[in-house]
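The values are calculated or read from the model by the stated rules, or taken from the named source; none is laboratory data. What you are looking at is a predicted structure, and each value in this text was computed from that prediction instead of being measured. Ideal geometry is used to build each Cβ from the backbone, glycine not excepted, and the neighbour counts take in all protein chains shown. Areas reflect the complete protein model, heavy atoms only, side chains present, ligands, DNA and RNA absent. Shrake-Rupley method; radii C 1.70, N 1.55, O 1.52, S 1.80 Å.
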Amino acid sequence: MVSLPLFGGCACGSVRYRLESLPTETGYCHCRICQKSGATPAMPWAMVPGAALHYLSGDIGVFRSSTRGERRFCRDCGTPLEYREQGREEVGLNSVTLDHPEWFAPQKHIWYASRLPWFELADDLPRFAGEG
Ligand SMILES: [Zn+2]
Ligand SMILES: [Zn+2]
């Protein structure tokens, strides 16, 4: 079923990307910046090698969200696409933007300390207060 390369993109279709590698790790991030930049209680992510992620089209904006991290998004529709840190080869792709997000279920919760109290979770995945 799952075959490489994988493809994905933003809500308006302007940004498209090709991914030449399977994710090495998946999870939900409950940090405040993911909540705000995604307008969501938790951001599902998939770690992928940066060199395997190729943007094919679209106007990609960069938001420096901390001293070491930046987030990329579609300038046309605002869809948040990824998080990456300076000096780190892996990129946290916002996995719901994949064309088949159902293939990569999140496997843990990180920054669970800032989970919104009304966001109830019934899964048995490991929960980490911070980075995990
Ligand atoms: Zn877009
Ligand atoms: Zn986060």
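Select from segment 62-82 the residues that are modelled with pLDDT of 95 or more and outside any strand (DSSP E or B) and write down the one among them that is farthest from ligand 2 (Cβ to nearest atom).
Asp76
Would you point out which residue out of Leu56, Leu22 is open to solvent by 50 Å² or more (accessible area, probe 1.4 Å), touching a strand residue (DSSP E or B) at 6+ places or on another chain (Cβ under 6 Å) and either farther than 24 Å from Leu116 by Cβ or more than 16 Å from ligand 1 (Cβ to nearest atom) (or both)?
The match here is Leu56.
Can you name every residue in segment 83-132 that is at pLDDT below 95 and aliphatic (A, V, I, L, M)?
Once the filter is applied, which keeps residues that are at pLDDT below 95 and aliphatic (A, V, I, L, M), segment 83-132 yields Leu121, Ala122.
Which pairs do you get when a residue that is assigned to a helix (DSSP H, G or I), found in segment 114-132, comes within reach of a residue that is surrounded by 14 or more Cβ atoms within 10 Å (Cβ to Cβ), reach meaning Cβ atoms under 8 angstrom, with the pair 6+ apart or on two chains?
Going by the 8 Å Cβ cut-off, the qualifying pairs are Ser114/His30; Ser114/Cys31; Ser114/Gln35.
In segment 71-122, which residues are β-branched (Val, Ile, Thr) and open to solvent by 70 Å² or more (accessible area, probe 1.4 Å)?
Correct list: Val96 only.
Looking for something within 21 Å of Glu102 (Cα to Cα) and either within 16 Å of ligand 1 (Cβ to nearest atom) or open to solvent by 70 Å² or more (accessible area, probe 1.4 Å) (or both) - is there at least one such residue anywhere in segment 27-40?
For segment 27-40, residues within 21 Å of Glu102 (Cα to Cα) and either within 16 Å of ligand 1 (Cβ to nearest atom) or open to solvent by 70 Å² or more (accessible area, probe 1.4 Å) (or both): present.
For segment 35-61, which residues satisfy the criterion of being part of a loop (DSSP other than H, G, I, E, B) and without any contact (Cβ under 8 Å) to a residue 12 or more places away in the chain?
Scanning segment 35-61 gives Ala39, Thr40.
Against the condition within 25 Å of Phe7 (Cα to Cα) and touching a Cys at 6+ places or on another chain (Cβ under 8 Å), how does Leu81 come out, does it pass?
Answer is yes for this residue.
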